[in-house]
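Single-structure report; data block below.
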Amino acid sequence: MQRKYRLGQIWTAWRVLLRLLMGFYWLYFSSQKWFDNSWVKPILEHAAASNPNPAYTALLTNLVIPNWLIITQIQTITEAMIGSLLLIGFLTRIAGTLGAILTINLAVCFLGLLNEPALVWFYVLSASSSMTVAVSDAGRIFGIDGMLTNKLHSAPS
């Protein structure tokens with residue numbers, strides 16, 4: 001019985017740690033574009049030129065690159081929002097799901113540039129970590145989700 005209790009504590013600590021790590025992860029990548037995002041356009045152009053998916057190449061060429069600045073700003077805000085929500089433990093399932101979707105989208109965007117296994121693993125680990133946070137109850141442990149859940153359950157009917 002005691003061993004089961006310790007495993008439960010380890011699993012609880014891991015969910016909180018993973019949620020916080022993913023929060024800092026998304027804030028870090030958002031911060032890379034806060035003051036200078038001019039480096040994004042050449043990467044998008046290179047991604048469009050090397051992407052093996054013709055439909056995605058057309059999307060990049062006809063929609064994303066002409067509107068790269070606004071799309072980059074939206075992505076930066078989204079990354080900051082995901083990171084902030086994960087750090088405070090609010091709407092963690094939604095934030096984790098958005099993080100996984102954003103990661104998968106980036107992986108497809110840079111498909112032609114993923115010539116090293118380390119880059120592929122970078123996106124796989126990012127998406128799987130975000131989904132792990134999304135499907136667990138990580139926000140209910142030391143997070144706003146938990147405080148709201150406790151208030152809802154303790155409120156008189």
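Coordinate-derived values only; no laboratory data. Remember, predicted model here, so these are calculated numbers, not experimental data. So basically every Cβ, Gly included, is an ideal-geometry build from the backbone, and we count neighbours across all protein chains shown.
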**Study point:** In degrees, nearest ten, helix 92-109 long axis to first principal axis of the chain (Cα)
**Key:** 20 degrees
Revision key, fill the gap. Between the Cα axis of helix 2-31 and the main Cα principal axis of the chain, the angle (0 to 90°, nearest 10) is 30 degrees
Practice item. Report ³J(HN,Hα) in whole Hz for each residue of the range 129-141, in order, from the Karplus equation J = 6.51 cos²θ - 1.76 cosθ + 1.60 where θ = phi - 60°; Gly and Pro get x. Key: 5, 5, 5, 4, 5, 5, 8, 8, 9, 4, x, 7, 10
**Study point:** Likely footprinting exposure, ARG93, ARG6, fewest C-beta neighbours within 10 Å first
**Key:** ARG6, ARG93
Practice item. Pop out the ³J(HN,Hα) list for the range 55-62 in order, Karplus 6.51 cos²θ - 1.76 cosθ + 1.60 with θ = phi - 60°, rounded to Hz; leave Gly and Pro as x. Key: 5, 6, 4, 5, 4, 5, 5, 8
Revision key, fill the gap. Least to most buried among LEU63, LEU111, by other C-beta atoms within 10 Å and fewest first, runs LEU63, LEU111
Review point. Given Cα pairs under 8 Å that are at least 6 residues apart, what percent is the relative contact order of the chain?
Key: 30 percent
Exercise for review: For the chain, find the longest principal axis of its Cα atoms and tell me its angle to the long axis of helix 68-88, 0 to 90°, nearest 10.
Suggested key: 10 degrees
**Study point:** Ranking of ASP145, ASP36, ASP137 by count of other Cβ atoms within 10 Å, fewest first
**Key:** ASP36, ASP137, ASP145
Check your understanding: What residue among LEU7, LEU20, GLY146 has its Cα farthest toward the positive end of the dipole of the range 2-154, where the charges are +1 on Lys, Arg and -1 on Asp, Glu, each on the Cβ?
Key -> LEU7
Check your understanding: Could you give the dipole magnitude of the chain about its Cα centre, charging the beta-carbon of Lys and Arg +1 and that of Asp and Glu -1, in debye to the nearest 20?
Key -> 740 debye
Check your understanding: Got a sec to turn the phi values of the range 111-126 into Karplus ³J(HN,Hα) couplings, 6.51 cos²θ - 1.76 cosθ + 1.60 with θ = phi - 60°, whole Hz, x for Gly and Pro?
Key -> 3, x, 9, 7, 8, 10, x, 4, 5, 4, 5, 4, 6, 4, 5, 5
**Study point:** Placed amide H near GLY89: partners under 5 Å, 5+ positions off or other chain
**Key:** ILE144
**Study point:** q = 0.10, 0.12, 0.16, 0.21 Å⁻¹: log10 I(q)/I(0) that the Debye formula gives for the chain, counting C-alpha atoms only
**Key:** -0.45, -0.61, -0.92, -1.30
Exercise for review: May I ask which residue of ILE70, SER84, LEU44 lies farthest towards the positive end of the charge dipole of the chain, with charges of +1 (Lys, Arg) and -1 (Asp, Glu) on Cβ and the Cα centre as origin?
Suggested key: SER84
Review point. Which residues' amide hydrogens lie under 5 Å from the amide hydrogen of ASN53, considering only partners 5 or more residues apart or on another chain, with H built in the peptide plane?
Key: none
